[in-house]
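Presented below is the structure to which this report refers.
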Amino acid sequence: MFVGAAGTGKTCAALCVLDWAACGRKYWTMAELCTELISVQAGEREYGQVTDSPRWWWERYAERGLVCIDEIGARENVSDFHYETLKRAMDSREGKPVVLISNEPIDRLARIYDDRVASRMAGGTVIEFGGPDQRLTQ
Ligand SMILES: Nc1ncnc2c1ncn2[C@@H]1O[C@H](COP(=O)(O)OP(=O)(O)OP(=O)(O)O)[C@@H](O)[C@H]1O
Ligand SMILES: [Mg+2]
């Protein structure tokens, strides 16, 4: 779990980790993850020669070597679909690494989502990013 204020280098650090991972890896923002799953559910995405399905999508997700989900908790209004997607995205990585990124501290994520989501986040390695907004120092 990478947490810290805007511009402290969370996304950059996560992409470096993904670059070095010699395994199937994938990066989404939380919004991109939800949008992708909605189009899979609507039967709008191909996988190979056939229409992708949510079951296959989640199987592939669980089998990847490393995944990263960025911009978690960027909005206050969390739909049931968004909540279930995030919780399943964490639970499906049991025994496998996932990098989660948020600008919000975990106690605030507990209010945006709930204690169950926050518990899963706090249960891993939490790295706090500090220092100035690097965008303003360039
Ligand atoms: N260690 C670093 N030293 C200097 N510049 C950095 C460093 N890490 C990131 N940057 C630069 O700082 C800017 C912000 O980095 P990044 O997008 O990773 O921040 P972030 O924490 O993900 O921000 P946000 O919360 O807004 O998504 C980028 O332009 C990036 O190239
Ligand atoms: Mg970022």
Open item on the list: Considering only residues that are over 13 Å from ILE69 (Cβ atoms), out of contact with any Gly (no Cβ under 8 Å at 6 or more places or on another chain) and of a type outside the set (Ser, Thr, Tyr), which ones fall in the stretch 23-48?
Closed with: ILE38, VAL40, GLN41, ALA42, GLY43, GLU44, ARG45, GLU46, GLY48
Open item on the list: Looking at the stretch 92-101, can you tell me whether even one residue there is open to solvent by 60 Å² or more (accessible area, probe 1.4 Å) and over 22 Å from CYS12 (Cα atoms)?
Closed with: yes
Open item on the list: Restricting to the stretch 102-122, name every residue that is without any contact (Cβ under 8 Å) to a residue 40 or more places away in the chain and either closer than 15 Å to ILE72 by Cβ or open to solvent by less than 40 Å² (accessible area, probe 1.4 Å) (or both).
Closed with: ASP107, ARG108, LEU109, ALA110, ARG111, ILE112, ASP114, ARG116, VAL117, ALA118, SER119, ARG120
TODO: Output the residues belonging to the stretch 7-50 that are without any contact (Cβ under 8 Å) to a residue 24 or more places away in the chain, in contact with a helix residue (DSSP H, G or I) (Cβ under 7 Å, 6 or more places away or on another chain) and either under 25 Å from VAL78 (Cβ atoms) or open to solvent by less than 90 Å² (accessible area, probe 1.4 Å) (or both).
DONE: VAL40, GLN41, ARG45
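Per-residue answers, yes or no, for (1) touching a Cys at 6+ places or on another chain (Cβ under 9 Å); (2) under 27 Å from ASP80 (Cβ atoms):
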{"site": "GLY7", "(1), (2)": "no, no"}
{"site": "GLY24", "(1), (2)": "no, no"}
{"site": "TRP28", "(1), (2)": "yes, yes"}
{"site": "ALA31", "(1), (2)": "no, yes"}
{"site": "GLN49", "(1), (2)": "no, no"}
{"site": "ASP52", "(1), (2)": "no, yes"}
{"site": "TRP56", "(1), (2)": "no, yes"}
{"site": "ARG60", "(1), (2)": "no, yes"}
{"site": "GLU63", "(1), (2)": "no, yes"}
Open item on the list: Based on this model, can you work out whether GLY73 counts as part of a loop (DSSP other than H, G, I, E, B) and under 13 Å from the mean Cα position of the chain (by Cα)?
Closed with: yes
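The values are calculated or read from the model by the stated rules, or taken from the named source; none is laboratory data. Here the structure is a predicted model, which means the values were calculated and not measured. Positions of Cβ are backbone-derived with ideal geometry, glycine not excepted, and every protein chain shown enters the neighbour counts. Heavy atoms of the whole protein, side chains included, go into the accessibility calculation; ligands, DNA and RNA do not. Shrake-Rupley method; radii C 1.70, N 1.55, O 1.52, S 1.80 Å.
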